[in-house]
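Encoded as C-alpha cells, the structure appears first; notes follow it.
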Amino acid sequence: MATKGLAAVAVGLSAALLLAACGSSSSTESSAAASSEAPASEAPASEAPASEAPAASGDLQATVNQALRTDTVDAATLDPAIQSALTRASVELTPEQLQLAFECWSSSDCEIPGGGDLTVGYISPELNTWRKASRMEAILQAITYPEVGRIISVKPEYDLAQMQAGVRALSADGADVIVGYNDFGPALAPAFQAAQEAGAVVSIFVGPSPETPATAIASQVTGDVCANGTEMAKIAQGILGTEGKIAFFNGTPGNPQGAAWNACAEDELAANAPGIEVVFRADTNWTLQGAFEAATALLASGEEVDIIMYDYADPMTQIVKAYDQAGQPVPDFITWTANNDLWKEWEAKQGTDNPFELYDTNSLNWTSRVSVSNAVDQVLSGTPAPELVIYPQPFIKAEPGFYEADKPADYPGPTLIPASVMDQMLSASS
C-alpha cells in the first residue's frame, strides 16, 4: 500500500496535495483529534454530488461506524461526497447482485445484465487481501448504479511501466470511469491525463498524487496525512510521556505520504515533547521483505526504540518476527490500516513478559467506493467531481477479540463487504 501534507489541505488543491478495515463499538478507543472532521479552513467540504443516491434501506451512521471501526465520528460531519457514497453503500443488495459482484471480482471483464452503457474500469496491483477487498468494494459500489453495464479490471505487477500500460488499456477498452490505487504518485499523471483526454474520468483513493491537476485526476479521495502524523505523535506522548525513542518506517523511497506524516509528527514532538526523538528511519516499499529488512537494520543499529510508527499494518508482523529472532522485546506500534496477523501477534504477547501496545485504524478499503461514486456521478451529471475529498482516520487501541482465527493472516479487518461475499473471496484466494 492497498501521503507536511493534507493537513494544510486546502489552501487550494495544488498546495494541499503538494504537502500531500464491523459494527460500532463504544468500548473502542479512538483518538479524538484524528476522528474529528478537518477544520473548515483547512479542508473545505466538497459540493454535494448532483446525482442522488438511491433511497437507503440501511442507516448511514451505522455504515459510517462500520467503515471507520468506531462510533466516534458523526456522519453529518463527513464530506458530502463521503455521505453520498456511504448512503449508497448502505443499500442492501439482492442475493443476485451479490453473486454478480463476486463474478465480476473473479473476472477481468464482466457484463451487468440489464445495465446501462457506462463502463467502469479499475486498476491496482493485486498484492494481497487488502487490494482484493478494495476492488470488491469498488465493484459493489458500481453495481448500485443501473447506468453501469460493464466492469473491467486490470491487475498489473507492482511496476510503473505496467501501471501506465494498464491505464492505457482501460482507456482503449472504453472505460468511462477509471478508479484505482495509485502507488506511483505524479509519475502516473501523464497516463491518467491521456485517459481523461480520451473521455474517461479518473478517481484515485488513499494514495494521493501531489500537484497533479484535475485535468489528469478528476478526484482524489485521501486522508489528512499531516493530521495523521500529528495524532501518531500525540499517541506516542500518551505512551511515553516526555522522553523516548521512535523509528519511522515508510513505504516506497521518497513517497509524498511518508514525507508528509513524518514531518508533521516531528513538528508535534518538537513543540510538545522534545525529549522524544526520532532516531531511525527506513523505507520498506510496503512489502513484507522490506519491513523485515528495515527492522533488521534497526536492530543492527543498536538503537533501542520504544515505538515504531508505520503507515501500513500488513508488513508489521515481519517486524515482530525480526525482534523475536533477535531475542529483543517488540516496540510499541502505531500504524495505519489493520491486519489480522498483527492482531494475532499482539494478542499472543499480552500477559507475557513482552507485551506491546498497538494502535491502528480502519482498513480504508471502503474509500474505493467514494472514488467510484465521485467519477460515476460526474459522468452522469456532467458536474465536475470534487477534486479532493478528505476522510477521517481515527486511531484505535488494540483490544482482545480483534483477531479472527477463521480469517487469513492478511485479512484487513472489518470492511463494508457483506460477510457472504467476503467468505467467497477468501475461499477463492486460499
If I ask for residues that are of a type in the set (S, T, N, Q) and out of contact with any Ser or Thr (no Cβ under 6 Å at 6 or more places or on another chain), which ones from segment 97-115 would you list?
97, 99, 106, 107
Please report, ordered by residue number, the helices (runs of 4 or more DSSP H) entirely within segment 284-379 with at least 2 residues that are modelled with pLDDT of 95 or more, in contact with a helix residue (DSSP H, G or I) (Cβ under 7 Å, 6 or more places away or on another chain) and surrounded by fewer than 20 Cβ atoms within 10 Å (Cβ to Cβ).
288-301, 316-326
For residue 245, all conditions in the list (1) modelled with pLDDT of 95 or more; (2) buried (at least 19 other Cβ atoms within 10 Å of the Cβ) hold save one; what is the number of the exception?
(2)
Can you find a residue in segment 409-424 that is touching a strand residue (DSSP E or B) at 6+ places or on another chain (Cβ under 6 Å), closer than 28 Å to residue 327 by Cα and surrounded by 14 or more Cβ atoms within 10 Å (Cβ to Cβ)?
no
So residue 165 clears everything in (1) modelled with pLDDT of 95 or more; (2) within 20 Å of residue 376 (Cα to Cα) except one condition, right? Which one?
(2)
Return the pair list, or none, for Cβ contacts closer than 8 Å from residues in segment 385-404 that are modelled with pLDDT of 95 or more to residues that are basic (Lys, Arg), at least 6 apart or on different chains.
394/69; 396/69; 403/344
Which listed residue, of 137, 126, 111, is charged (D, E, K, R), over 21 Å from the mean Cα position of the chain (by Cα) and at negative phi
111
Do you know which of the residues in segment 380-430 that are of a type in the set (D, E, K, R) and outside any loop (DSSP other than H, G, I, E, B) is farthest from residue 335 (Cα to Cα)?
423
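The values are calculated or read from the model by the stated rules, or taken from the named source; none is laboratory data. What you see is a predicted model; the values in this text were computed from it and never measured. Here the Cβ is made from the backbone with ideal geometry for all residues, glycine too, and neighbour counts use every protein chain on show.
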